[in-house]
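Presented below is the structure to which this report refers.
The values are calculated or read from the model by the stated rules, or taken from the named source; none is laboratory data. In this text, all values refer to a predicted model and were calculated from it rather than measured experimentally. For neighbour counting, all protein chains shown are included, and Cβ atoms are generated from backbone atoms with ideal geometry for every residue, glycine included.
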Amino acid sequence: MCCRQGIWQVFQRTREAFLSGRTRPLEFRLQQLHALQKMITEKETEISTALKQDINRSQYDTPLLELIGIENEIKLAIEKLSDWAAPRPVEKNLLTISDEVYVQPEPLGVVLIIGAWNYPWSLTLQPLVGAIAAGNAAVVKPSELSECSSLLLRALLPRYVDKDLYPVVAGGVQETQELLRLRFDHVFYTGSSRVGKLVMEAAAHHLTPVTLELGGKSPCYIDKNSDVRIACRRVTWGKFVNCGQTCIAPDYILCEPCIQGQVVECIRQTLLEFYGADPKCSPDYGRIINQRHFNRILSLMEGYTPVVGGQSDSSQCYIAPTVLKDVPPHSRLMQEEIFGPVLPIVTVSDMDDAISFINEREKPLALYVFCSDKKAIKRMIEETTSGGVTVNDVMMHYTLSSLPFGGVGQSGVGCYHGKHTFDRLSHHRACLVRSLNMESVNLARYPPQDRRRLQTTKWQLPKHATPDISDGTKQTCIQCLTILGIRKTASVYVQSLYIYHKIIKT
């Protein structure tokens, strides 16, 4: 885009639009969500064409991998928005029994959404769905690496949604840096851990909260007693779809030496089924995003002899689906996220060894376990940690809006999808509304204090919910209130509490 002044003007216009209050009514939010849904439906062909140009993605994969998920997020938000945005009653104590006490979700303000290039539509628009639903304004910064998609999004979005509230800023590193200098109310970033640290550092200057959807090396453990053929079929799809450029793709396989050969052969046969004898000619197999990433991935393969694949063509940024076996645990290949179509196999002696291997490294964004033993599955989940886990499949936890999607530690901060996005991009305001009546009930907190009043206050403020007012304790309640001098109202007050609890229990 542009210069610092231009970005500042976009930000100011967005801030003014938010402060006008037009995002507050639910009717306006629903209108914008319907408009976004219309854009996805009407422009599916153009979006698929842009992704074909960016990463050679199949026209059939784009709806499957991105657009259906966006549409489902929008539909869910439209259906549930009134529930999500409604006041949320909370438990009371004795002192607040007659008050209105609730949590009110309210907009944070102006959100910065920095999208990713590997899934440039879903990883940019899904956060936007939550931002709109929560009543925020949002500045959208798509990745410049997926250039065709970025330019198309900049052209399309203002035609469908409010252009002042949801502007698109195109450009590269300089534009992103300029945006990060501004005081947003939340920054939502999807990308690498290296850049995520820079985003967090910039946001900290303004004490701006962040959501960082990062990556890492997601392990895949295949137990020797599992159905290896089916496991490898599912792993092969998850690893090589989108040419391996998926943040939750299985990064490497852990298995015992006795099944390593079987794993290699099953992957080989599955690749032949999926992409044919020459994946380069397959319409379903993608390309690396650019020359820099192409060279980076090839450098990771140096010194290894692939047991499957290994071919490449720099003129097309093509790297064949590649499998490497007997990879040393401390090799360079095992030190950084591969983010490409190269699958190392590391052998472990047993599940204990696999668990130790996983726990010795940074916490991954995802963990995959293929196993038929329920006790072993439970143990693997309990004794490791990761952003998410899928058992006997890969990546499917991402598709469920009811599950929070996000990392832990180096793999991310915060989570989203469905209601989780709405909550992430909302301020949960604590509200207590009471009348000016029954002032005598407050005597226990006013000075002068004494031991009796302190004891009564402890009784009125239990640690958890309102104490149970049973028939046997009604007289005790009246006596406690009488100590405070509320002789005329004590009986009526406690009787009201008694009736209240009876109603709740029935």
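The condition (being without any contact (Cβ under 8 Å) to a residue 24 or more places away in the chain and more than 24 Å from the chain's Cα centre (by Cα)) is satisfied by just one residue among K325, K374: K374.
Against the conditions (1) under 17 Å from G244 (Cα atoms); (2) touching a Ser or Thr at 6+ places or on another chain (Cβ under 6 Å), I345 satisfies every one except (2). Has the range 354-367 got any residue that is assigned to a loop (DSSP other than H, G, I, E, B), among the basic types (K, R), touching a residue at least 24 places away in the same chain (Cβ under 8 Å) and under 26 Å from H293 (Cβ atoms)? Yes, the range 354-367 has at least one match. Screening the range 268-287 for residues that are of a type in the set (G, A, S) and farther than 17 Å from C232 by Cα and picking the one that is surrounded by the fewest Cβ atoms within 10 Å (Cβ to Cβ) gives A277. Screening K375 on (1) out of contact with any helix residue (DSSP H, G or I) (no Cβ under 9 Å at 6 or more places or on another chain); (2) not assigned by TED's automatic domain parsing to the domain that holds F240 shows it passes everything except condition (2). Residue count for the range 61-81 satisfying the condition of being more than 19 Å from the chain's Cα centre (by Cα) and in contact (Cβ under 8 Å) with a residue 60 or more places away in the chain: 1.
Meeting the requirement of 3 or more residues that are over 25 Å from G171 (Cα atoms), the helices (runs of 4 or more DSSP H) wholly within the range 1-74 are 26-42.
Restricting attention to the range 298-336 and to residues that are out of contact with any helix residue (DSSP H, G or I) (no Cβ under 8 Å at 6 or more places or on another chain) and surrounded by 15 or more Cβ atoms within 10 Å (Cβ to Cβ), the residue that is farthest from S58 (Cα to Cα) turns out to be M334. Pairs meeting the criteria (first residue in the range 428-439 and on the phi < 0 side of the Ramachandran plot, second residue hydrophobic (A, V, I, L, M, F, W, C), beta carbons under 8 Å, at least 6 apart or on different chains) are H428/V103; R429/V103; A430/V103; C431/V101; C431/V103; L432/V101; V433/V101. Against the conditions (1) in contact with a strand residue (DSSP E or B) (Cβ under 7 Å, 6 or more places away or on another chain); (2) not assigned by TED's automatic domain parsing to the domain that holds P120, F240 satisfies every one except (1). Looking across the range 103-132, just one residue is over 23 Å from S402 (Cα atoms), of a type outside the set (G, A, S) and over 17 Å from the mean Cα position of the chain (by Cα), and that is V110.
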